Amino acid sequence: MKKNIVILATGGTIAGYAASSTEFAEYKAGAMDIQSMIDAVPMLAEVANVSGIQVCNKGSYDFEWDVVLDLSKKINTLLQRDDVDGIVVTHGTDVLEETAYFLNLTVKSEKPVVVVGAMRPTSAVGADGPVNLLNAVILASSDEAIGQGTLIALNDQIGCARDCTKTNTTHVDTFRSFELGYLGYMQNGKPYFYRKSLRKHGLETEFDIMNVAALPRVDIIYTYLGYGSDLAEAAVQLGAKGIILAAFGRGNIRDRAIPGLAKIAKLGVPVVRSSRTGNGVVIRHHLDDQYGFIAGDNLNPQKARVLLTLALLKSNNIDEIRRMFAEY
């Protein structure tokens, strides 16, 4: 019996269209609606009973938190229904990993949620959107995806929402997980899983956003040769409730910036040390114990921001947030 899959469409390159079949850079993101996308891939009907909902239709670079918050609420509501077996979200690739990680932490269901995008608009020669969408529906329909958390499906690869990140501006294999690797692959219309994420997700998490109207502001401060703490201090003055530092190496902070960042932490605004390298682990350091900073583990700055944003809905206690970064 075919499963019932709902596709929630938000726009992006996967729904993009250009005047020329060889134009990959200048195109309109979100030019196609969800029904047109479904009609363009008739094989979907052979895989599942597919229906579509248009959540929004634009490039993900233009998203605000309200889009992602609304998306999570819609998914949670849909997955409570007996006649919905899984969800596919079509999404622009620019902030796809952030939305996917947010859903990974806030969707309270074991049913599959798969986020999919494309690197080439539908009008392009070699467009990757149609096969990515087909694979996403196959994956969301599979028993193997149940309980795996939110998944990312592009280029025949199955990525973990927590670990997968965009690594290239144009390549179709842009989403990678570095040393941790993919969860699996899509081959001949079937998912093959090789590992699972051990970090909490789905029903295991403590984050309930169904009654949340707005999310706290968390800013990312990128470090560079000669930086100070003034941008972080300005962010707090503008309303930031948390700071993610895209720090050097393994979360290194230059001496000149420490007093200002320590002052921010003392005000009760969490300061998380991530790394601008985009790879590797930032572990707890004597600076954290001395000044109240938080080690970001192996989350890149944009993923650390997602977690801190949700953590602040629960607490601004440093030890509690440290626990969350260790568990999620």
Practice item. Enter the Cα centre distance for the pair region 236-269 and region 159-203, rounded to the nearest angstrom. Key: 31 Å
Review point. Among bridges DSSP assigns within region 1-115, what percent are antiparallel (round to 5)?
Key: 5 percent
Exercise for review: Going by C-beta contacts inside 10 Å, put D163, D83, D219, D33 in order with the fewest on the left.
Suggested key: D83, D33, D219, D163
Review point. Rounded to the nearest 5, what % of the DSSP beta bridges within the chain are antiparallel ones?
Key: 35 percent
Revision key, fill the gap. For G59, the net charge from surrounding residues (Cβ-Cβ under 10 Å; K, R +1; D, E -1) works out to 0
Practice item. Give the calculated FRET efficiency between R250 and L225 to the nearest 0.05, with a Förster radius of 22 Å applied to their Cβ-Cβ distance. Key: 0.80
Check your understanding: In degrees, nearest 10, range 0 to 90: what is the angle between the Cα axis of helix 318-327 and the longest Cα principal axis of the chain?
Key -> 40 degrees
Review point. For region 235-314, how big is the tail of P(r) above 14 Å, as a whole percent of Cα pairs?
Key: 58 percent
Study note, to complete from the structure: From fewest to most C-beta neighbours within 10 Å, the residues E46, E144 line up as E46, E144
Practice item. Just subtract the alpha-carbon distance of H171 and H285 from 0.36 nm times their residue separation and send over the number in nm, one decimal. Key: 37.4 nm
Review point. If one takes the longest principal axis of the Cα atoms in the chain, at what angle in degrees, from 0 to 90 and to the nearest 10, does the Cα axis of helix 129-140 lie?
Key: 80 degrees
Revision key, fill the gap. Summing -39500 (n - 2.57) over every DSSP H run of at least 4 residues in the chain and dividing by its residue count gives a helix-only mean residue ellipticity at 222 nm, to the nearest 500 deg cm²/dmol, of -8500 deg cm²/dmol
Point to revise | Distance (nanometres) between label positions extended 7 Å along Cα→Cβ at A214 and T277 | key: 3.8 nm
Review point. Can you list the HN-Hα couplings for region 94-102, worked out from phi with the Karplus curve (6.51, -1.76, 1.60; θ = phi - 60°), rounded to whole Hz and with x for Gly and Pro?
Key: 4, 10, 3, 5, 6, 4, 4, 5, 4
Review point. Given the pairs K111/K314; K196/K241; K74/K196; K108/K266; K166/K196, which span a C-alpha to C-alpha distance of over 29 angstrom in this model?
Key: K196/K241; K108/K266
Revision key, fill the gap. By Cβ neighbour count within 10 Å, fewest first, H286, H171 rank H286, H171
Exercise for review: First measure r as the distance between the Cβ atoms of L313 and S36, then evaluate 1/(1 + (r/R0)^6) with R0 = 51 Å and state the FRET efficiency to the nearest 0.05.
Suggested key: 0.85
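Read-outs throughout are calculated quantities, based only on the coordinates presented, and are distinct from any laboratory measurement. Everything numeric in this text was worked out from a predicted model, so none of it was measured. All Cβ positions, glycine included, derive from the backbone under ideal geometry; neighbour counts span all protein chains shown.
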